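Reading through the C-alpha cells given below for one structure.
Derivation of every value follows stated rules applied to the coordinates shown; laboratory data play no part. For clarity, every value in this text was computed on a predicted model and none was experimentally measured. Here the Cβ positions follow ideal geometry from the backbone for every residue, glycine too, while neighbour counts run over all protein chains shown.
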Amino acid sequence: MRKITVIGTGYVGLVSGTCFAEVGNRVICCDVDRNKIERLRRGEIPIYEPGLEELVAKNMQQERLYFTSEVGEAIEASDIIYIAVGTPMSDTGEADMRYVMSAAKKIGEHLNNRKIIVNKSTVPVGTAELVREVVQANKKYPWITFDVVSNPEFLREGSAISDCMNMDRAVIGSDNAEAAKVIAELHAPFNTRIFTTDLESAEMIKYAANTFLATKISFINAIANVCERVGANVIDVAEGMGLDSRIGNKFLQAGIGYGGSCFPKDTYALAHIADKAGYDFELLKSVIKTNQRQRFIIMDKLRESVGGLAGKQVAVLGLAFKPNTDDMRYAPSLSIIPELLKQGASVRAFDPIAVESARRELPHEVQYFKSVEQAVAGSDVCVILTEWKDVLDMDLDLIRQIMKHPIVIDGRNCFDLQTMQRSGFEYHSIGRASVNAAGRDRHSVNF
Ligand code: UDX
C-alpha cells in the first residue's frame, strides 16, 4: 500500500487515481476547483465514463479514495505525487503548461519529506527538467530531496477503466533507478509490461504514440478518398491491409476524421515541438490537414445528395467525438453543424449522452431530440457523425418510412452496402460506392 496524491481530477487524474485505489493504495485526488471536489465527494462524477461512478463510490466507501481542494495538505500527506492536470492547446497550437507549472510550484512549497513527483500529463519533452527546477526553486526546506519521473497515460475515453486496469504497457521515464522501481512496483497489480527509459524518451513516447495513431487514421481516410474515385471499397482495403501483422487491423476505420481531447492537441503540439527543435515535420502537418479536410467531405456529399442545403431539414445522428463519451472536444459535429446552419439548413440532432455538453458549444438554433426516430422524422436527409449503438441498431424500415426523403450520409460507415440497398435508402458513406444514387455517383452500385 502506497500513499499517493493525484493533482487534477480530469479524465486522466480521476481514472488513474481511482484505479490506484482499487488495487489497494490510499489515494487523495485533489483539485483547485472546489465545486468539482464538492460534487465528487457527493459521488457525482463530472464526466460520463462507463463504470467510473461505481468504482469511485466503492473506493470512497472502503476508505482508500479521498477528494479535497486543499492541494497543499494533500501533497504533504503522500510520498508519491502524480501531476495529472490539463495541458490544453494554446492559441499557437502549443501545449499550455500553466497548470503543470503551478502544480510544481505548489509541490515545492509543500515538500515536507522525500517524495517522488510523477508527471502523467502530456507535456513537451524537457518538462520533467522544468518541473524539477520549479520544485527546487520553491522548496521551503532546502535539505529535502525529491525525484521526478515521467509516467504517461494511454487510456481512451469510453473504456478508460478497463484500459487502466489492463494497460498494454506502463512507460516509466527516470534518471533514478530507485524511483523508477517504486513506480514500476505500483503498476505490478495491473499485470502489465513495464518499459523503463530516460525522462525525455518517456515524454516523447506519448506524443509519438498518439500522433502515430492519428497518422493511421488520416492515412486510411486519404485511402478512402482514393477508393471512392476508383471504385474500391475502403472496408475491404483496410481488412486486407490489416491482415499483414506488420500493419495490424486497428485504427484503420475510415470516417470523418479524429476528434477528442488528445489527437488534435497532440498532433499540433508535436509539430510545434519539432519546429522549435529545427525540424519541419511535414508528414505530421499533412496528417492534421487531411483530418481537417475530411470533415468537409461529408458536407459536399450532403449538399449534392439534396441539391443544395437551403431550407432543408437535416437530422444529425451523434454529436460526441466518438461513442460512449459525452466529450465534445474537437468533435467533428462542432465544425459540421455550424456549416449546415450557415448554408441555410435546419438541424435536428440526436445524441444519447452528449446533448448537455453539446448545447454549450453549438448554436442555439439546433433542435435536440431524445431518439433517432424523433430526429429523423420528416427530414430531407440524415447524416451519421458518431457510431452510437442507438444508430447501429436503428430500425431501417421505420426510418425509411418516417423520413421525407430516405437519404443517409454515413460519416462512420455503420452499415453494409447491401443492407442499405435492400432497405431502399440512397446511401453515401466514406470510401465506398454509393447505393441507390443512380446518375449521381459514377461508382453507384446495384447488387
Ligand atoms: C486517444 C488514444 O487512443 C489514447 O491512447 C490516448 O491516451 C488519448 O487519445 P481517445 O481520444 O479517448 O484516446 O479516443 P480514441 O478511441 O483513440 O479515438 C480518437 C478519435 O479517432 C475518435 O474521434 C475516433 O472516432 C477516431 N478514430 C479512431 C477513427 O476515426 N478511426 C479509427 O480507426 C479509430
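First obtain the Kirkwood hydrodynamic radius of the chain from its Cα pairs, then insert it into the Stokes-Einstein equation at 4 °C and 1.567 mPa s, and state the resulting D in µm² per second as a whole number. It diffuses with D of about 55 µm²/s by this estimate. Among W388, W143, the order by Cβ neighbours within 10 angstrom, fewest to most, reads W143, W388.
A straight Cα-to-Cα reach below 22 Å connects K312 with the lysines K301, K342, K370, K404, residues fewer than 8 places away in its own chain not being considered.
Using r as the Cβ-Cβ distance of N35 and F212, and R0 as 35 Å, what FRET efficiency do you calculate, to the nearest 0.05? Each step should come with its number before you reach the end.
Values: r = 37 Å, r/R0 = 1.07.
The computed FRET efficiency comes out at 0.40.
Please find the FRET efficiency linking R359 to T145, where r is the Cβ-Cβ separation and R0 is fixed at 41 Å, and quote it to the nearest 0.05. Walk me through the numbers on the way to the answer.
Details: r = 50 Å, r/R0 = 1.21.
The pair R359/T145 has a calculated efficiency of 0.25.
For the chain, the share of DSSP beta bridges that are antiparallel, to the nearest 5, is 10%.
State, as an integer percentage, the relative contact order of the range 1-74 based on alpha-carbon contacts under 8 Å between residues 6 or more apart. It comes to 36 percent, rounded to a whole number.
If you take the Cα centroid of the range 37-98 and the Cα centroid of the range 377-423, the two points sit 39 Å apart. Taking every C-alpha pair closer than 8 Å and separated by at least 6 residues, the mean separation divided by the residue count of the range 198-447 gives a relative contact order of 19 percent. What does the charge count around I80 come to, taking other residues whose C-beta lies under 12 Å from its C-beta (Lys +1, Arg +1, Asp -1, Glu -1)? So the surrounding residues net to +3. Taken about its Cα centre, the range 183-285 carries a charge dipole of about 180 debye when Lys and Arg each add +1 at the Cβ and Asp and Glu each add -1 at the Cβ.
In this structure, the amide hydrogen of V149, modeled 1.01 Å from its nitrogen in the peptide plane, lies closer than 5 angstrom to those of I117, V118, N119, counting only residues at least 5 positions away or on a different chain.
Here K3 is the anchor, and the aspartates and glutamates within straight C-alpha reach of less than 15 Å, apart from those fewer than 8 places off in the same chain, are E22, E63, E73, E76, D79, E185.
Here the dipole of the chain is about 260 debye; that uses its Cα centre as origin and unit charges on the Cβ of Lys and Arg (positive) and Asp and Glu (negative).
I want the local charge near V287. Using Cβ-Cβ distances under 13 Å, sum +1 for each Lys or Arg and -1 for each Asp or Glu among the other residues.
On the way: positive: K216, K285, K289, R293; negative: D266, E282.
Around V287, the charge tally is +2.
Cysteines in the chain that lack a partner Cβ within the 4.7 Å cut-off: C29, C30, C227, C262, C382, C414. The range 126-165 and the range 186-249 have Cα centres separated by 26 Å. Ordering S102, S333, S69 from the fewest to the most neighbouring beta carbons within 10 Å gives S102, S69, S333.
Once you list every other residue whose beta carbon is under 12 Å from the beta carbon of L392, what net charge do they have if Lys and Arg are +1 and Asp and Glu are -1? Please report the intermediate quantities before stating the final value.
Working: positive: K389, R412; negative: E387, D390, D393, D395, D410, D416.
Charge balance in the 12 Å sphere: -4.
Report the relative contact order of the chain, percent, no decimals, based on alpha-carbon pairs under 8 angstrom and at least 6 residues apart. Provide the component values of the computation, followed by the final result.
Working: 923 pairs, mean separation 49.6, N = 447.
It rounds to 11 percent for the chain.
With Cα atoms as the point set, the range 77-194 shows a radius of gyration and Dmax of 14.8, 44 Å. The fewest-to-most ranking of R293, R229, R246 by surrounding Cβ atoms within 10 Å reads R246, R229, R293.
A Gaussian network model of the chain, with springs between Cα atoms under 10 Å, assigns the largest mean-square fluctuation among I220, I107, I47 to I47.
Calculated from DSSP H runs of 4 or more alone, at -39500 (n - 2.57) each and per residue, what is the 222 nm mean residue ellipticity of the chain, nearest 500? Computed mean residue ellipticity for the chain: -13000 deg cm²/dmol.
Taking 25 Å as the straight-line reach from the Cα of K265, the lysines in range (excluding those fewer than 8 positions away in the same chain) are K36, K105, K120, K206, K216, K250, K276, K285, K289, K322.
Using a Gaussian network model on the chain with a 10 Å cutoff between Cα atoms, which of A95, A310, A184 fluctuates the most? Its mean-square fluctuation being the largest, the pick is A310.
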